[in-house]
Amino acid sequence: MFRRFAGAIGRGVAQDRSGLALVEFALLMPGLLILVLGSYEAANLILADLKLEAAAETATDLIAQANVNQVLQSADFTNATNAVETVMTPFSTAAAKFKIAYASVTFSTGSPVIDWHVEVNGATAISVSSLPNGATAGNLGSATSGSTDSVVVAQVTYAYTSPMSYLLNSAYTLTESAFSRPRYVNCVPTYLNTGNVCP
């Protein structure tokens, strides 16, 4: 009798599936949560990098638009930086997170030189030996004596932190750079040039 009763209970428990969905959900939920949060984080990081690339291109493009009668002043670099920061929206461009360095590489002396450079928010200055993206001054233009070649360079750095930093303690330093030829002049003159003119 006891065996028959125990067998009936065992069959009843084995056939009862009322809590199965809850158990399956409890087993799958951590993996699904990691997948959703990871996808969100990866998408946000990729968006930040794409915006940073657009910001670098905007920076060089704005400086390269200087015209024949224009000598760029400090305010012009401030305005260009403000426009570049707008490109980064909705990401924060606080001074500790967003840095930008501008420079002009000229070739009139027969060897490439940095004609002028401007750094914003403590960015590292661009030098001939530290041109971004593995560029060398020799492959940016004609390094012959008397050359009127020049290139505007911008390097933008962004300290990305996860918007879910309470869950994911992730921080990345993203760097993008861009190069542009001046549009209307051979070299962009600034207040930093001797006599406000290019070499």
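Key figures for this structure:
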| item | result |
| --- | --- |
| Point-charge dipole on Cβ atoms (K/R +1, D/E -1) for segment 20-196, about Cα centre, debye to 20 | 180 |
| Theoretical FRET efficiency, 1/(1+(r/R0)^6), r = Cβ-Cβ of Leu32 and Ala83, R0 35 Å, to 0.05 | 0.25 |
| For peptides 187-194, 170-177, sequence by mean Cβ density within 10 Å, most packed first | 187-194, 170-177 |
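Values quoted throughout were computed directly from the atomic coordinates according to the rules given, and no laboratory measurement underlies them. Here the structure is a predicted model, which is why all the values come from computation and not from measurement. Here Cβ is always computed from backbone atoms with ideal geometry, including for glycine, and neighbour counts include all displayed protein chains.
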